[in-house]
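Contents: one structure, followed by commentary.
The values are calculated or read from the model by the stated rules, or taken from the named source; none is laboratory data. Model, not experiment: these values are computed from the prediction. Here the Cβ positions follow ideal geometry from the backbone for every residue, glycine too, while neighbour counts run over all protein chains shown.
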Amino acid sequence: MTFTLEPSYDDNPRLQDLIVRLRSYLRDELIPYELEHGITAETKLDRTILEHIWKRSAELGFYGISLPPELGGQGLSFSELCALKEELTASGAALSHSVLGDMGGPLRVGAIVKYATEEQRERYLMPVVRGERACCFSITEEDAGSDVRRMTTTATPDGDTYVLNGKKVFSSAAPFADFAIVVARMASTEEAYSAFLVDLDTPGCQVLDGEVPMSGQQMEGDLLFEDCRIPAANLLGEIGQGLRIGIGRITLNRLLHCPSLIGAARRAWDLSLDYAMNRAVFGQPLLAHQAIHHKIAEMATEIYAARSMVMATAAKADRGDNVSVEANMCKLFTSEACFRVADQAVQIHGKAGLTRGNEVEQIFRSLRMFRIVTGTTEIHKNAIAKGLI
Ligand SMILES: Cc1cc2nc3c(=O)[nH]c(=O)nc-3n(C[C@H](O)[C@H](O)[C@H](O)COP(=O)(O)OP(=O)(O)OC[C@H]3O[C@@H](n4cnc5c(N)ncnc54)[C@H](O)[C@@H]3O)c2cc1C
């Protein structure tokens, strides 16, 4: 792999074709749509906007593209999915998270299909794959983040139902989801956690406005369960499999978040190069100064290093190997490296980079979050050491 701002995949004609088509959809349709409707990364999204994107992305074959053909996808490899995901954030499109179905869509349910019964598949998962319904994943609680075992939300068996009580916070996509995959502690046992499919309009379940994170994106919500009774048939997998379902998905997610961060860093690099060519200081373009050359070089090097390790790990995952240590290494390195790139981008932009409404300022805030979201830097280090020692 060599470093290029816009990678090409000539050794894989199917992927290269997809990349070209995706770039043109983003550039010629999605970004003009966002401009026309005044949509930015910080716009509170409603279902009408999102359903428009889901439908159009599905028509073009992008929505759920990585799923196996029997679920309506094209069975992309992890490497191919990584390549597409990088393009999405590199485009700067605010709605890029909804094109493949990352935010509440098919990419959320792909990893759990194997645990679903036939009925759950038809009623819950397939409508998500078709862009008719959306879901969120709810594990975190106010006092249970990295240490998920501290969760206090309980599921109490009662006849042919379970009764849920407790509160989940920071569930991405909750404000526009139809159902949640909720991990709760079994009330009758000490240490068993189970996953449940919960329709968000079930009596006793409320979707509350979540906190707005520093990225300004308004996509998180809290779920409050007060004697929320759900059918026993909504248990996903078996009793006691909740953390495996939740955390198994998170391990893979850690790898698959990386290309999105790399794409955002690539966008920041691109904007910085452009700014440095056009901004005049001391009688010449900013880019004429060697200190700026060094920043541009360092940023590109960070992006190249992150992309190389992510693609190497994705290739290993494609071969069916266990990548839990490497996925944590990728997320650790990529989130830190891409944040350094964003920081350099702000520095190159000077006061413009510190100003609300400037794209690098938004990228900086977004990338800062990923040193915590989907696993903190410290938890990745713990996981790497545990896997190696
Ligand atoms: C925008 C956003 C979206 C999110 N989406 C979802 C979602 O869809 N579903 C969901 O369930 N959750 C979601 N979360 C929650 C997210 O996964 C948690 O914030 C994350 O797991 C960290 O938990 P915490 O914030 O409670 O931090 P804590 O666990 O309280 O950690 C605080 C600090 O202590 C450090 N720390 C903790 N334990 C150790 C240790 N053993 N060794 C060293 N250091 C340690 C951490 O690294 C961190 O720096 C989201 C969060 C955000 C901000």
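Does G320 qualify as being at positive phi and touching a Lys or Arg at 6+ places or on another chain (Cβ under 8 Å)? Steps first, please.
Working: at positive phi: yes; touching a Lys or Arg at 6+ places or on another chain (Cβ under 8 Å): no.
Against the criterion (at positive phi and touching a Lys or Arg at 6+ places or on another chain (Cβ under 8 Å)), G320 does not qualify.
How many residues are within 19 Å of the chain's Cα centre (by Cα) and farther than 18 Å from M219 by Cβ when one looks only at segment 25-74? Selection size over segment 25-74: 8.
Among the numbered conditions (1) touching a Lys or Arg at 6+ places or on another chain (Cβ under 7 Å); (2) away from the ligand (no atom under 16 Å from the Cβ), the only one that N328 does not meet is (2). Among the conditions (1) surrounded by fewer than 17 Cβ atoms within 10 Å (Cβ to Cβ); (2) in a loop (DSSP other than H, G, I, E, B), S215 misses just one, which is (1). Scanning segment 218-250 for residues that are within 13 Å of the ligand (Cβ to nearest atom) and under 30 Å from T89 (Cβ atoms) gives Q218, M219, E220, G221, D222, L223, L243, I245, G246, I247, R249, I250. Counting only residues that are of a type in the set (S, T, Y) and more than 17 Å from I19 (Cα to Cα), segment 48-75 holds 1 of them.
Of the residues making up segment 241-282, those that are touching an Asp or Glu at 6+ places or on another chain (Cβ under 6 Å) and modelled with pLDDT under 95 number 0.
Between a first residue in segment 82-103 that is touching a residue at least 40 places away in the same chain (Cβ under 8 Å) and a second residue that is acidic (D, E) and surrounded by fewer than 24 Cβ atoms within 10 Å (Cβ to Cβ), which pairs have beta carbons less than 8 Å apart while being 6 or more apart in sequence or on different chains? Qualifying pairs under 8 Å: K85/D102; A90/E6; A90/D270; G92/E359; A93/E34; A94/E34; L95/E34. Here D201 meets the list (1) touching a residue at least 24 places away in the same chain (Cβ under 8 Å); (2) away from the ligand (no atom under 11 Å from the Cβ); (3) part of a loop (DSSP other than H, G, I, E, B) almost entirely, failing just condition (1).
In the set (1) in contact with a Ser or Thr (Cβ under 9 Å, 6 or more places away or on another chain); (2) closer than 21 Å to L107 by Cβ, the condition left unmet by R249 is number (1).
Scoring Q290 on the criteria (1) over 24 Å from K386 (Cα atoms); (2) crowded, with 17+ Cβ neighbours inside 10 Å leaves a single failure, condition (2).
One residue alone among T301, T334, T377 is among the hydroxyl-bearing types (S, T, Y), at pLDDT 95 or above, closer than 28 Å to Q217 by Cβ and away from the ligand (no atom under 16 Å from the Cβ), and that residue is T334.
Residues in segment 206-217 that are more than 27 Å from C82 (Cα to Cα) and within 16 Å of the ligand (Cβ to nearest atom): V207, L208, D209, G210, E211, V212. Of the residues making up segment 237-272, those that are of a type in the set (S, T, Y) and within 30 Å of L287 (Cα to Cα) number 2. Taken over segment 68-80, the criterion of being outside any loop (DSSP other than H, G, I, E, B) and surrounded by fewer than 20 Cβ atoms within 10 Å (Cβ to Cβ) is satisfied by P69, E70, L71. Of everything listed in (1) under 25 Å from I53 (Cβ atoms); (2) crowded, with 23+ Cβ neighbours inside 10 Å, the single unmet condition for R121 is (2). Scanning segment 340-365 for residues that are within 16 Å of the ligand (Cβ to nearest atom) and either modelled with pLDDT under 95 or surrounded by fewer than 23 Cβ atoms within 10 Å (Cβ to Cβ) (or both) yields a count of 2. Here is the figure for segment 187-198: residues that are more than 16 Å from the ligand (Cβ to nearest atom) and closer than 21 Å to Q120 by Cα total 0.
In segment 1-57, the residue that is surrounded by the most Cβ atoms within 10 Å (Cβ to Cβ) out of those that are assigned to a helix (DSSP H, G or I) and among the acidic types (D, E) is E34. Restricting attention to segment 90-118 and to residues that are of a type in the set (S, T, Y) and within 16 Å of Y33 (Cα to Cα), the residue that is surrounded by the fewest Cβ atoms within 10 Å (Cβ to Cβ) turns out to be S91.
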